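Taking it in order: structure first as structure tokens, then the write-up.
What follows draws every value from the coordinates through simple rules; no lab data is involved. Bear in mind that the values here come from a model prediction, so they are computed numbers and not experimental data. Here Cβ is always computed from backbone atoms with ideal geometry, including for glycine, and neighbour counts include all displayed protein chains.
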Amino acid sequence: MKGFAHFLAGLTTATFIVVIANQFYGNNMIADAIVQNKVLIIILGGIFGILPDTIDFRFAKYLQRHDYEVDMVEWDLNPHKVADTLAKAIDQAHDENREVNVMLHTVKISSDQWRQYTVQFDTENKKVLCDIGPIISGFEKRPYINTYLPKEKAHAEASFKADLKYNYDAVTHVDILSGPDFSFFPEKDGSVRADFIPWHRRWGHSVTMGILFAPIGFMLFGFTPLGWTAFWIIMLGYWSHILTDHFGLMGSNMFPPFTTRRVPGFKVTRSMSPLANIFTNYTNVLLIIFNMNAWSHVQYFTMPWATMLNLTTERYAEWYIVSLLNYIIYYILPPILVAYFAVVWWRKRKGITEELSDKEARTKEQLEEVGGINV
Amino acid sequence: MMLTYLLMCILFVLLGTLVGSALSMLPGLHVYNVIGFFLLFYFTMGLVLDPMLMVLMLIGMLVSYAFVFTIPSIYFSAPDDSTMFVLMPSQRYLKEKKGHEAVVLIATGALIGVMAITIFVPIFMGVLGVVWDLAISNIHWIIGAVIAFMLLSEFPKDFGRHKNPLHGLKEAWKTILAGYLTFFLAGLLGVITFSKTLIPAGHAFQSLMAPLIGLFATSSIILNLISKYEIPEQNMPKSVDVRPREIVHGSVAGSVGGLFAAFIPAVTAGVGGYMSSHAFAQQGDKSFLVSMGASRVVYYVGAIALFFLPTLHLRRGALAMGINLFFTPETVQQFYLVDAGIALAGVISFFVVIYASKFLARYIPKVNPKTLNIVVLVILIILVYLMTSWQGLIIMSIATAIGLVPVLFNSRRSHCLAVILVPIWLNMAGISLAPLLGLW
Amino acid sequence: MEIPDDVEICPYCTANVKKRVRIKVLYVVALTLIIVSATYAIFAYTQTGVEISKISSLGINQNYNFVHVRGTVVSYPTTYDSNYGVTQLSFKIDDGTGQITVKIYRDLIPRVVEEHKVPAIGDVVDAQGTFSYGTRKSLTINNVDFLSIEKGKYEGVDLKALATASPWDFKNGELIYVKGNITSVKEYSFGYISSIDDSVDLLIPHAYTSLNLVNLSKLGSGVARIYGSLEFYQPKDHSSDYIAVNISEVMKDPEKYNKTNVFVEWAQVVEKNEDNSTIIINDNGTNVTVYSSYGVKYYKVGDYVQIQGKFVNYHGIWEISVTRKNDFITEPRWEIIMSSQYKIIEEKSYGSDMSVYSLVELKGVVADYRTLSYGYLVTLWANNQSYDVYIENENSVKGHLDYGSNLVVKGMVTLYNGEKEIKVRAYTLDSVEVIS
């Protein structure tokens, strides 16, 4: 998901915790603190909801050491350098039985022009392929079609000896902003595992970090009801990020330092899909509105099902759950379903098939994230 | 209602649109400054004019401003507070000889924004009322969240080349910290301007003019003056390079952002548009330009539509507050008149923008950009001096210095909007910094 | 530069060559806004008024809506005066289903006054404005055209009959007019209470004087016909733990009522004994003694009183004992809440006629004076005889009053305990000028 969706999801989580804490401590205590004493506790949810990406893209990225860096310039484009370096790194990881990292830098030409090149791992033939592509413009990545290099200058291959395990798309594009990096791990069975942007979705995207950050709540508000509320908001806000990310393909490393690999995601959606982002944000905004109504002294709207079942705020839990269910079915789901089917219908009519293979989609997701443009 | 009255209404809308269009061509002149003068004039006239006619004229001016300001912001590069997000793509368009295309895209967004205001806002009237009732008691943390997001989403603009982790962190955090510094300084300037009017009392209602012109206009003009560039011959295409999907995506995102800005105090079109471009996962210049056109119109004009919206009557934006001094909207009929006026002014402004842009695209490249920038700078200085006297000029210089920080360090210029965001937020959250600064 | 025919994307600027939107299409889109504009204009043109709502049906969902109500005014208008003049005018109306406070602010108030739209109790008001829901419902009028008033119908009433009328002789809110002279004026927070012919009180709401609808000087300058609504004024309320009784019934079986708390709504004083602090009251021919520990000095034979006390047997005599905190003897009476209408039927000028209720002007010397809580009681020597002059309010005196001062007194001849005195009424043209 984009940073904004994470931020909103964090805020939404916070509002749910406020509703629960409000009932737990009674007397509308937490809500009054927010509405009347203007305590900014809910923002913590948003801040810690976006924090995992902040950690990765503002810190973890820079802490990554690289054994090799490939840095080409427009007037000296050499695909062999790219292919050879990667092949060398793979073998080195195998031979020296250690992790070897390679950074592929982008080729910037002007403020909005970049030279694109691609890298491909052919695991069957044990080859690394590199192709220099066209110059592209800006974020839209449109190619200047007369800037392709001649085939013989653009293509290079390099062989490696080790067995390579690579789970991503065949072709990796290197184009704008920061380039991607690869990490090669020697595995116990003697093969080498390639990891793409190794610093991302590791310790920063973990359940463990959420627990570590949570006590900040006590630092802000002491061991008071507000402090406890903040504790849960921070922890669950942080986790909300990991959970939403998990609906994508890449997954996260959940329990460092006890685990070291990323657990694959649920593969429901791609993080950059506008539709997925819009739906998530819509749902979050509506849930925030629902919760604000639920904790206010006067309910500005009531749901018909709760009224039908004669539920009032006297029996808060039942009233809340029935109303929420009703709200979701009346207001959240229908617009999303209508929009979804409209888009599906539109795409079918126009004959657009954007269905990507798992591997392709996963690479694309990571590439889109790597530039940092998502946050 | 009398037919003659209806015709008078249409006449006043036309009058306002034409006056507004002409004045909005002046770089740096904000419509609120002009409206301020019109209001003063109106009060001294002793309110002889029917207030509804006056309202319709002001609406005509506002709508035309929301459209026509695109012209100076693209051709003279003197963006106001809400155009700065467009600035980068629009400068690129100008450089690529597609200035007119950029204008058309923004105007299209604005056009759809007007449709959103006149067609969709009334449909969601009831919902807006409920949401407003809920939002009003939570506004402090909502604005706080907007600020938090703006700060957290500032990202490093290095390209991954660094010698060691420390060097990398330094490179990365240079732009981020420059952004935070801008935010802090602009916020401080805002707190000072809001809590103590530094300019003469007679000009008090223009108090935000000097900081805004300094932060957004003069700073970029200075940048234009020190950097080497020239305006190439502009193409005059009969079609625009955009897909309907991009127009729809951009205008929906822009309208939602503009509505958010019109709804929540302290949030301006720039911030609203920025938030919604994230919320709608926008990509690409075209949908961005379209969305900016939409968000500006929905922000400025939507504020008025919300003010006249039966059951809501939200008083947001300087025009709504100004109108409220002499008029309280309440009937459905007034609302119909206002929406009719907005739609009419929208159509006229759209054509004004397109034809003005055609004219300028032809003649602007013949002008030396340095001369153009100096002329604009002089106009701005004269305007600020006339409206806020010499104290305003000092504030403008300080603001210019702050406005240069993000430009020089490549961080986001939206941080300058802290000048409005921070003081209003502090006020809403019940935090008073003024005593700390020794202002009371 | 030529762009090849077969490409989708321009090789020089990467723009799409084929998939583009024609600007003329956008013109057409723009022109559809004309339809939107025209539709709204037609809506505005054909829009008719808002339907009348029942006040009881206005709730939180109508908050800030533009609503239309119609009802009878049930409270006299009040104003909020500040340094900037009158900034708020409000009054309550009732449509039979509920009540709502109608509010008018600032600049609109002079317009309302100009168009004679300040209402009085009993007027029927038609109001359209912005409804706001809170602890009390209110309606803010923002346009003078959205307020219209139908004046109530007033019936003439004899002042004497009104002075001694029982609670059931009239109805609260009944619209009447009376004829008489203003004999005294006192100011309170809500307005002026003045006396008509020293027998019936007249409440003049502040709103009317602040908005210059009622001019006290003019009102006091002769015999006036005054329009207003009646209100039965009870200084103290009947407490619920006192049983309302009929004296004749109680006296039939007094044992039954022994030591009960009783409330007598209306009875006439027939005998007074100040020595033992008792009065005897009569209701429909039955008498009963009333003892008051607060004294009975203020009650005169013939007065009508309302009593709350304990029915006891005191040394063999049944009496109502008024001794505890909630007990009382009051003299409730009908009073008039003035509307803004009045007419001077007989203009009077200051002269030398000493008949009752005529205005006199006297020049004389202060022989004696006493300071009262608000004014003075002066014995004036003039025309070789002494006059009692009662100055209601010290503000009527111009100059410093002392023994031997020469005064010009303007006042009204009134009766006090059967004796004539000259009363210098406050807030009227009556005055006392100290010449030396």
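Here are the numbers for this structure:
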{"quantity": "Cβ-placed point charges (K, R +1; D, E -1), dipole of chain B about Cα centre in debye, nearest 20", "calculated": "1140"}
{"quantity": "Value of relative contact order over chain B, rounded to a whole percent, pairs C-alpha under 8 Å and six or more apart", "calculated": "30"}
{"quantity": "Across B:K286/C:K18; C:K117/C:K218; B:K157/C:K19, pairs whose alpha-carbon gap is larger than 24 Å", "calculated": "B:K157/C:K19"}
{"quantity": "Net charge of neighbours whose Cβ lies under 14 Å from the Cβ of C:V413, counting Lys and Arg as +1 and Asp and Glu as -1", "calculated": "-3"}
{"quantity": "Summed residue charge, Cβ within 10 Å of C:L162's Cβ, Lys/Arg positive, Asp/Glu negative", "calculated": "-1"}
{"quantity": "Net charge of Cβ neighbours under 11 Å - reference A:E157; Lys, Arg +1; Asp, Glu -1", "calculated": "-1"}
{"quantity": "A:H173, B:H167 arranged by Cβ crowding within 10 Å, fewest neighbours leading", "calculated": "B:H167, A:H173"}
{"quantity": "Projected-area average for segment B:281-336 over all orientations - Cα convex hull basis, square nanometres", "calculated": "4.8"}
{"quantity": "Shape of segment A:65-196, Cα gyration tensor, a/c cut at 1.5", "calculated": "prolate"}
{"quantity": "Segment B:100-107 - phi-based ³J(HN,Hα) in whole Hz, Karplus 6.51/-1.76/1.60, Gly and Pro as x", "calculated": "5, 4, 4, 4, 4, 4, 5, 5"}
{"quantity": "Helix A:316-327 axis, angle to chain A major axis (alpha carbon atoms, nearest 10°)", "calculated": "50"}
{"quantity": "Fewest-first ranking of C:E319, B:E246, using other Cβ atoms within 10 Å as the exposure measure", "calculated": "C:E319, B:E246"}
{"quantity": "Dipole of segment A:65-196, positive end: most advanced residue of A:L149, A:L77, A:F182 [Cβ charges, Cα centre]", "calculated": "A:L149"}
{"quantity": "Proximal lysines relative to C:K310, as straight alpha-carbon distance under 24 Å, when same-chain residues fewer than 8 apart are discounted", "calculated": "C:K236, C:K252, C:K256, C:K259, C:K272, C:K297, C:K300, C:K325"}
{"quantity": "Selected from A:I329, A:P52, A:T307, residue furthest toward positive end of dipole (chain A; charges at beta carbon)", "calculated": "A:T307"}
{"quantity": "Student exercise, segment A:65-196 dipole from Lys, Arg, Asp, Glu Cβ charges, in Debye to nearest 20", "calculated": "200"}
{"quantity": "Equivalent ellipsoid, chain C (semi-axes from 5 times Cα gyration tensor eigenvalues, Å)", "calculated": "65, 34, 19"}
{"quantity": "Nearest-0.05 FRET efficiency for C:Y80 and C:I193, computed from C-beta distance (R0 25 Å)", "calculated": "0.75"}
{"quantity": "Ellipticity estimate at 222 nm from DSSP helix runs (n ≥ 4, -39,500 (n - 2.57)) divided over chain C, nearest 500", "calculated": "-3500 deg cm²/dmol"}
{"quantity": "Virtual spin-label span in nm between B:I382 and A:S110, 7 Å along Cα→Cβ", "calculated": "3.5"}
{"quantity": "For the protein assembly as shown, the spread of Cα positions along each principal axis, largest first, Å", "calculated": "137, 73, 58"}
{"quantity": "Inter-site label distance for C:N215 and A:R315 at 7 Å from Cα along Cβ, in nm", "calculated": "7.1"}
{"quantity": "Out-of-range pairs (alpha-carbon distance over 31 Å; input C:K151/C:K186; A:K188/B:K170; A:K2/A:K350)", "calculated": "A:K188/B:K170"}
{"quantity": "Of B:P244, B:P72, B:P89, the one that fluctuates the most in a GNM where chain B has Cα springs shorter than 10 Å", "calculated": "B:P244"}
{"quantity": "Theoretical ellipticity at 222 nm over chain B - DSSP helices of four or more residues, -39500 (n - 2.57) apiece, nearest 500", "calculated": "-23000 deg cm²/dmol"}
{"quantity": "Among C:E231, C:E187, C:E419: highest mean-square fluctuation, GNM of chain C, C-alpha pairs under 10 Å", "calculated": "C:E419"}
{"quantity": "Dimensionless Rg over Rh [segment C:243-331; C-alpha; Kirkwood]", "calculated": "0.91"}
{"quantity": "Estimated 222 nm signal from helices in chain A, with DSSP H stretches of n ≥ 4 weighted -39500 (n - 2.57), rounded to 500", "calculated": "-14500 deg cm²/dmol"}
{"quantity": "Debye equation applied to the C-alpha atoms of segment C:1-47, log10 I(q)/I(0) at 0.28 Å⁻¹", "calculated": "-0.94"}
{"quantity": "Amide H contacts under 5 Å for C:T278, placed H, 5+ residues apart", "calculated": "C:N273"}
{"quantity": "Cα gyration tensor category, rounded, prolate or oblate, for chain A with a/c compared to 1.5", "calculated": "prolate"}
{"quantity": "Point-to-point label distance, C:D145-C:T101, nm (Cα→Cβ direction, 7 Å offset)", "calculated": "2.9"}
{"quantity": "Contact order normalised by residue count of segment C:1-151, Cα under 8 Å, 6+ apart, percent", "calculated": "19"}
{"quantity": "For segment A:2-45, the spread of Cα positions along each principal axis, largest first, Å", "calculated": "37, 19, 10"}
{"quantity": "Residues with amide H under 5 Å from that of C:K423, placed H, sequence gap 5 or more", "calculated": "C:Y390, C:M412, C:V413, C:T414"}
{"quantity": "Nonlocal amide H pairs with C:K92, under 5 Å, H built at 1.01 Å", "calculated": "C:V74, C:S75, C:V102"}
{"quantity": "Ascending count of other beta-carbon atoms within 10 Å, so fewest first, for C:S132, A:S323", "calculated": "C:S132, A:S323"}
{"quantity": "Computed E for B:I394/C:I344 - FRET, C-beta separation, R0 45 angstrom, nearest 0.05", "calculated": "0.10"}
{"quantity": "Estimated vicinal HN-Hα couplings, Hz - segment A:22-34 in sequence order (Karplus 6.51, -1.76, 1.60; Gly, Pro = x)", "calculated": "4, 6, 5, 8, x, 6, 6, 5, 5, 4, 5, 4, 6"}
{"quantity": "Charge dipole (chain B, unit charges on Cβ, about Cα centre) - positive-most of B:F124, B:L360, B:G250", "calculated": "B:L360"}
{"quantity": "Antiparallel bridge percentage (DSSP; both residues within segment A:65-196; nearest 5)", "calculated": "85"}
{"quantity": "Volume per residue that the Cα convex hull of segment B:3-428 spans, once the total is divided by residue count, Å³", "calculated": "144"}
{"quantity": "Chain A: most fluctuating residue of A:K348, A:K81, A:K61 per GNM, C-alpha cutoff 10 Å", "calculated": "A:K348"}
{"quantity": "Mean-position separation - Cα centroids, segment B:325-358 and segment A:12-36, in angstrom", "calculated": "43"}
